[in-house]
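**Student:** Quick one: the structure is below, and I'll ask about it shortly.
Derivation of every value follows stated rules applied to the coordinates shown; laboratory data play no part. Please read all numbers here as calculations on a predicted model, not as lab measurements. Here the Cβ positions follow ideal geometry from the backbone for every residue, glycine too, while neighbour counts run over all protein chains shown.
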Amino acid sequence: MPNNINIVGRWIARDMADTLTFDSNTGVVYHSNASVHNEQYQYQLKGDSITLIYAGSEDYYSPPTTHLYYMNKEYLSIDFKNTKCDGFSQKVINYLRFNNN
């Protein structure tokens, strides 16, 4: 069962310059990589899927996209290979939780 609280925090990709920061108060995930910094996407978790809706500051429309994801306490994997999501590489991206304690 998805849990918005469990996904909250910062996630760093294992094999590329890509970072996600989930904020449960706003329902926004901030995405940064080599090309963009803190681009905003609204996110919704349902079952084993995450839907991303571009909400950046640019005057640009991108349709919502839904992707399979897997998460445990320290690991997050999102499958972008079958459905293109603007701003993300079209592949499975594996993230590790970033703990700044």
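**Student:** Cross-link candidates for residue 73: which aspartates and glutamates have Cα within less than 20 Å, leaving aside residues fewer than 8 places away along the same chain?
**Tutor:** 15, 18, 23, 48
**Student:** If the cut-off is a Cα-Cα distance under 23 Å, which lysines reach residue 81, setting aside same-chain residues fewer than 8 apart in sequence?
**Tutor:** Answer for residue 81, where 23 Å is the Cα cut-off: 46, 91, listed by chain and number.
**Student:** Right, next: What full-extension length gain, to one decimal in nm, is calculated for residue 62 and residue 89 as 0.36 nm per residue of separation minus the Cα-Cα distance? Walk me through the intermediate numbers first.
**Tutor:** On the way: separation 27, 0.36 × 27 = 9.72 nm, distance 1.52 nm.
Stretched fully, the residue 62-residue 89 segment lengthens by 8.2 nm.
**Student:** Still on this structure, I have one more. What does the extension gain come out to for residue 53 and residue 96, with contour length at 0.36 nm per residue minus their alpha carbon separation? The partial results should precede the final answer.
**Tutor:** Values: separation 43, 0.36 × 43 = 15.48 nm, distance 2.24 nm.
Gain in length upon complete extension: 13.2 nm.
**Student:** Right, here's the next one. Using the basic label-point model (7 angstrom from Cα toward the beta carbon), what is the residue 77 to residue 44 distance in nanometres?
**Tutor:** 2.6
**Student:** Now, a different point. Starting from 0.36 nm per residue, how many nanometres of slack lie between residue 35 and residue 19 once their C-alpha separation is accounted for? Present the calculation step by step, with values, prior to reporting the outcome.
**Tutor:** Values: separation 16, 0.36 × 16 = 5.76 nm, distance 1.16 nm.
Difference between extended and current length: 4.6 nm.
**Student:** I've got another one for you. Specify, per residue and in Å³, the volume enclosed by the convex hull of the alpha carbon atoms belonging to the range 4-98.
**Tutor:** That works out to 88 Å³ per residue.
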